[in-house]
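**Student:** Here's a structure for you.
The values are calculated or read from the model by the stated rules, or taken from the named source; none is laboratory data. Bear in mind the structure is a predicted one, so any value in this text is a computation, not a measurement. Neighbour counts run over all protein chains shown; Cβ positions are idealised from the backbone, glycine included. Side chains included, ligands, DNA and RNA excluded: accessible areas come from the protein's heavy atoms. Shrake-Rupley method; radii C 1.70, N 1.55, O 1.52, S 1.80 Å.
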Number of protein chains: 2
Amino acid sequence: MDIKTRSDGSVKSVQLAFDVLEAVAASQEEVGVSELAAHLGTTKGTVFRHLQTLMERGYVDQNQTSSRYKLGMRSYFIGQTAAARIEILSASTEAVSALRDEIGETVVVSALRGTSLIVLRTVFGKSTLEIGVREGSELVLHGTAQGKIALAFSRKPLLQGVLRKGLEPITEHTITDPAAFDKELQLARAQGYVTAANQETFGINALAAPILDQTGDLVGTIAIVGSVQNIKHDPSHKQVEALLKASLRISWNLGYDKMTVSGRQP
Amino acid sequence: MDIKTRSDGSVKSVQLAFDVLEAVAASQEEVGVSELAAHLGTTKGTVFRHLQTLMERGYVDQNQTSSRYKLGMRSYFIGQTAAARIEILSASTEAVSALRDEIGETVVVSALRGTSLIVLRTVFGKSTLEIGVREGSELVLHGTAQGKIALAFSRKPLLQGVLRKGLEPITEHTITDPAAFDKELQLARAQGYVTAANQETFGINALAAPILDQTGDLVGTIAIVGSVQNIKHDPSHKQVEALLKASLRISWNLGYDKMTVSGRQP
DNA sequence: AATGATGTTTCGCATTGCAAGACAAAACTT
DNA sequence: AAGTTTTGTCTTGCAATGCGAAACATCATT
C-alpha cells in the first residue's frame, strides 16, 4: 500500500495527527477512538494521544457525555484566517455575492494549483434545487467551462498535459476532437468567456470567465453554474455582462489592469 | 517560560507543527523560515521540516519566487468543514444574514465554551465604518450585553466565577455594584434581551439575545453591535423584534422548542 | 570580492512517540 | 442480574524518529 520512497523530510507523527484530524473532519457524525483507529489502521492508544493533542489545541472537541470527538472551533478559525490570507478568496467575496444576487444562479470560484483547477467557493443560487460543485474538488480541464477558460488563458503549458492524456469523453457532448477543442479555446480567448453545456454532466451548463493576476496570468476562474434551461449554450447578454464584470473586478483586486498589462501570449 | 508539568499525554512534535501553522496564520504577510524559527525559539532546520509536512498536506503554501510561506487551501477547507459541523454555526448562518440585511447593523454570534464566551462569527453592517468584534476573541462576561445574557440564561454557575473575580470597571459605565448587576440579569431574563451601552467600549452598544439548545440551556448568544447612536439604551421595537426572531430561529434549529421545554431555572 | 542574509541539507544521539496489552466503564446479550 | 463485548483511557519497554547544531547553497547588498 505504501511505497518505500522514504526521505520525505516530513514529520511522521504530524502526518498521523493530520490523518486523525481529517478523519474526524470527514465524519459527518461525532466519531470514537476505536472507529478512528480501525479506519486509520493504527492502534487506539496512538489515536487517543493525538486526539488529546488536537483537543488541547482546540482543533477537536470531545462530547462530554458520549466521549466522542468532532471538529473544534480552532479548525474553524484557522479556516477564517486562511480565507483572509488567500488572495483569490478575499478578492472575490464581494463580487461573488453581488453576481449571485444579480443573476440568481450558483456561483463557483476555482483556483489553479499546479496543473489542477480546484473549487474554492460555491455560493448556491436562489433556486430551491441546489446545483453546485463541492468545495475542494478538482475540475476536469477538458470537460468544464472553467477548465477551458484555464487552458485558454493560463501561460502554463496546461494543454500539453491534457492532450497527452487524451480528450476522454465524459458525456456524449464532451469535445474529443483536438482540432475542435482548439477552436473552442480560441473562441474562449476571443470572447473572454465560454460555456460547456452537457459536457461533463447531462442537463448542467456553466458559464466561466478568467481571474487574472497583476502579470495577466490566470490564477483562477469564476463561473455561474445551473441547469441548461437557465444557462443556454449562447448565454443571455445579462448573464455574460454580469459575469465579465465580476471577473474583471476580482482581477482588478488582484492587481490586474488590462490597460497596463501587455497582450496575452498563450 | 514553560512550567515542567509534564505527562501531557500530548504529542510534542505535533504541538510544534501547530505552533508553526499558527505562526504562519498569525503573520499578515508571507513569512520566512528564519523569522519563524526566531519567533518560536527553535532552529531553522526544525521549522523547515515542519513546513515541509504542512506543505505536503496543503495547509501551507510556499511562494515559488520568494520561497516564503503562507496559509494554504487545505486550512481553508478544514475551516469550511468545521463550520458545517459546529452546530451553532450552521444553525445560525441564514438567520444571521437575514438579521443583518433587515437591521443593517453588525451581527455577532458567540458560543459558550467552558466558562468563556467566544466570538464565532461577525458579519459587518451596512455602514462604511466597520464596527465588529474579532472572531475568536473572548467577551467580558460582566461588561458586554452578550455576557450578561450568558450569565442570565446559562444553567452553569457562571455568575459565581464572575463575582469572585469582582465586577472590575472597564469604562465608567460598567456596572460594578453586585446588587445592580443582579437586577440587570433579572431584567435580561424577563425581557429575553439586554443592552450594554458604553459598558465595555465608549460609544458602542450591543443588543443581545440567548441561543438555547434542546434542553433549554444556553449555548451561545446573538447580538447586534453598533454605535450608541444607532442602538439606544432602549432599542427600537424593530431591532428587538428582529433580534428575538433570529434568536428563536437559531435555537429552534438546535432543537429548542419553547413549548416543550419546561421553565428555566437559573 | 566579501559579507550577511536567506532557505536547504546532513548527521549522530537521546528523546519520544509507537505498539501491545492491561484496565475501567459502559452497552449490549443472555 | 450475570456475562460478554466494546468502548475510552492508561502504562511500559524498545527502537524509530524528530531535534539541535553546524555545514551548505543561494541569493542580495556592500
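**Student:** Given the rotation relating A and B, tell me which residue in A puts its Cβ closest to the axis and the distance in Å.
**Tutor:** Measuring from each Cβ to the axis, the minimum is at A:Gly79, 0.
**Student:** With a 1.4 Å probe and all protein chains left in place, how much of the accessible area of the stretch B:82-193 comes from carbon and sulfur atoms, in whole percent?
**Tutor:** C and S fraction of accessible area: 50 percent.
**Student:** Counting other C-beta atoms within 10 Å, and keeping those with at most 11, which DSSP coil trypsin sites (Lys or Arg not before Pro) do you find in the stretch B:3-85? If you can, show how the numbers build up before the last one.
**Tutor:** Numbers: sites: B:Lys4, B:Arg6, B:Lys12, B:Lys44, B:Arg49, B:Arg57, B:Arg68, B:Lys70, B:Arg74, B:Arg85; in loops: B:Lys4, B:Arg6, B:Arg68.
Of the trypsin sites (Lys or Arg not before Pro), the ones in loops of the stretch B:3-85 whose Cβ has at most 11 other Cβ atoms within 10 Å are B:Lys4, B:Arg6.
**Student:** Relative contact order of chain A: what whole-number percent is it, with Cα pairs under 8 angstrom and at least 6 residues apart? Walk me through the numbers on the way to the answer.
**Tutor:** Numbers: 441 pairs, mean separation 38.3, N = 266.
RCO, chain A: 14 percent.
**Student:** Comparing B:His237, B:His142, B:His39, which has the greatest mean-square fluctuation in the GNM of chain B with Cα pairs linked when under 10 Å apart?
**Tutor:** B:His39
**Student:** Taking amide hydrogens as modeled 1.01 Å from N in the peptide plane, which residues meet the under 5 Å criterion relative to A:Val60, leaving out close sequence neighbours?
**Tutor:** The answer is A:Met55, A:Gly72.
**Student:** Please say if the stretch A:86-253 is rounded, prolate or oblate, where rounded means a/c under 1.5 for a ≥ b ≥ c the square roots of the C-alpha gyration tensor eigenvalues, and otherwise the choice is prolate for a/b larger than b/c and oblate otherwise?
**Tutor:** Working: a/c = 1.55, a/b = 1.16, b/c = 1.33.
Oblate shape, in that a/c is at least 1.5 and b/c is the bigger or equal ratio.
**Student:** State the answer as a single residue: which of B:Gly216, B:Ile250, B:Phe202 lies farthest towards the positive end of the charge dipole of the stretch B:177-266, with beta carbon charges of +1 for Lys and Arg and -1 for Asp and Glu, about the Cα centre.
**Tutor:** Of B:Gly216, B:Ile250, B:Phe202, it is B:Ile250.
**Student:** Another question, if that's okay. Go from 0 up to the bin containing the longest alpha carbon distance in the stretch B:212-253, width 10 Å each, and give me the % of pairs per bin.
**Tutor:** It works out to 25, 47, 24, 4, in whole percents.
**Student:** Using +1 on the beta carbon of Lys and Arg, -1 on that of Asp and Glu, and nothing else charged, what's the dipole of the stretch A:167-208 about the Cα centre, debye to 20?
**Tutor:** Working: 2 positive and 6 negative charges, 44 e Å.
Computed charge dipole of the stretch A:167-208: roughly 220 debye.
**Student:** Per residue of A:80-90, count partner chain C-beta atoms within 10 Å of its C-beta, then hand back the mean as an integer.
**Tutor:** Details: counts 12, 10, 16, 5, 4, 12, 7, 1, 1, 2, 0.
Mean shielding by partner chains, rounded to a whole number: 6.
**Student:** Once each part is reduced to its C-alpha centroid, what is the distance from the stretch A:41-65 to the stretch B:149-205 in angstrom?
**Tutor:** A separation of 36 Å, based on Cα centres.
**Student:** Please state the charge dipole magnitude for the stretch B:65-224, taken about the Cα centre, from unit charges on C-beta atoms (+1 on K and R, -1 on D and E), reported in debye and rounded to the nearest 20. The partial results should precede the final answer.
**Tutor:** Details: 16 positive and 16 negative charges, 127 e Å.
The calculation lands at about 600 debye.
**Student:** Do the sum for the protein assembly as shown: with -39,500 (n - 2.57) for every DSSP H run of n ≥ 4, divided by all residues, what is the mean residue ellipticity at 222 nm, to the nearest 500 deg cm²/dmol? Write out the running numbers ahead of the final one.
**Tutor:** Working: 18 runs with 230 residues, N = 532.
Only helices count here, giving -13500 deg cm²/dmol.
**Student:** Residue by residue through the stretch A:187-202, which ³J(HN,Hα) values in whole Hz follow from phi under the Karplus form 6.51 cos²θ - 1.76 cosθ + 1.60 (θ = phi - 60°), with glycine and proline marked x?
**Tutor:** Once rounded to whole Hz, the list reads 4, 4, 5, 5, 7, x, 7, 7, 10, 7, 4, 6, 7, 10, 9, 5.
**Student:** As I understand it, the value is the acute angle between the Cα axis of helix A:44-57 and the longest principal axis of the Cα atoms of chain A; what does it come to in degrees, rounded to 10?
**Tutor:** Helix A:44-57 sits at roughly 70 degrees to that axis.
**Student:** Right, here's the next one. Can you run phi through the Karplus equation (6.51, -1.76, 1.60; θ = phi - 60°) for the stretch B:82-88 and list ³J(HN,Hα) in whole Hz, with x for Gly and Pro?
**Tutor:** Once rounded to whole Hz, the list reads 4, 4, 6, 8, 7, 3, 5.
**Student:** Find out how many positive minus negative residues lie around A:Ala197, taking Lys and Arg as positive, Asp and Glu as negative, among other residues whose Cβ is under 13 Å from that of A:Ala197.
**Tutor:** -2
**Student:** Cα axis of helix B:237-253 to longest principal axis of chain B: angle in degrees, 0 to 90, nearest 10?
**Tutor:** 60 degrees
**Student:** What are the nm distances, shortest first, from A:Asn63 to its equivalents in the other copies, labels at 7 Å along Cα→Cβ?
**Tutor:** 4.4
**Student:** Per-residue mean of other chain beta-carbon atoms within 10 angstrom of the beta-carbon, peptide A:107-114? Working shown, then result.
**Tutor:** Numbers: counts 0, 0, 0, 0, 1, 0, 4, 0.
Rounded to a whole number, the mean comes out at 1.
**Student:** Taking the label point 7 Å from Cα in the Cβ direction, how far apart in nm is A:Gly114 from each other copy of itself, listed shortest first?
**Tutor:** 3.9
**Student:** Filter the GluC sites (Glu not before Pro) in the stretch A:147-235 down to the DSSP loop ones having no more than 15 other Cβ atoms within 10 Å, then list what survives. Walk me through the numbers before you get to the answer.
**Tutor:** Working: sites: A:Glu172, A:Glu184, A:Glu200; in loops: A:Glu172, A:Glu200.
Those satisfying the criteria are A:Glu172.
**Student:** Using a probe radius of 1.4 Å on heavy atoms only, what accessible surface per residue do you get for the stretch A:75-224? Whole Å² is fine. Write out the running numbers ahead of the final one.
**Tutor:** Numbers: 6300 Å² over 150 residues.
Here the per-residue accessible area is 42 Å².
**Student:** Okay, next question. By how many degrees, between 0 and 90 and to the nearest 10, does the Cα long axis of helix B:12-26 differ from the longest principal axis of chain B?
**Tutor:** 70 degrees
**Student:** What does the charge count around B:Thr46 come to, taking other residues whose C-beta lies under 12 Å from its C-beta (Lys +1, Arg +1, Asp -1, Glu -1)?
**Tutor:** Working: positive: B:Lys12, B:Lys44, B:Arg49; negative: B:Asp19.
Around B:Thr46, the charge tally is +2.
**Student:** Using Cα pairs under 8 angstrom and six or more residues apart, how large is the relative contact order of the stretch A:12-77, in percent? The partial results should precede the final answer.
**Tutor:** Details: 74 pairs, mean separation 21.2, N = 66.
In percent, rounded to a whole number, it is 32.
**Student:** Can you tell which of A:Leu243, A:Leu254, A:Leu54 shows the greatest fluctuation in a Gaussian network model of chain A with Cα springs below 10 Å?
**Tutor:** Answer for the Gaussian network model of chain A: A:Leu54.
**Student:** With θ taken as phi - 60° and the coefficients 6.51, -1.76 and 1.60, list the Karplus ³J(HN,Hα) couplings across the stretch A:104-116 in order, rounded to whole Hz; mark glycine and proline as x.
**Tutor:** Calculated HN-Hα couplings, in order: x, 8, 5, 10, 10, 10, 10, 10, 7, 10, x, 10, 10 Hz.
**Student:** What is the set of long-range amide H partners of B:Val219 at a cut-off below 5 Å, with H atoms built 1.01 Å from backbone N?
**Tutor:** B:Ile211, B:Leu212, B:Asp213
**Student:** Further question: Label position 7 Å from Cα toward Cβ: report the copy-to-copy distances for B:Gly255 in nm, one decimal, ordered from shortest.
**Tutor:** 5.0
**Student:** Let me ask you something else. Take peptide B:145-154, look around each residue's Cβ out to 10 angstrom, count Cβ atoms belonging to other protein chains, and average those counts. The partial results should precede the final answer.
**Tutor:** Values: counts 0, 0, 0, 0, 0, 0, 0, 0, 0, 0.
That works out to 0 on average.
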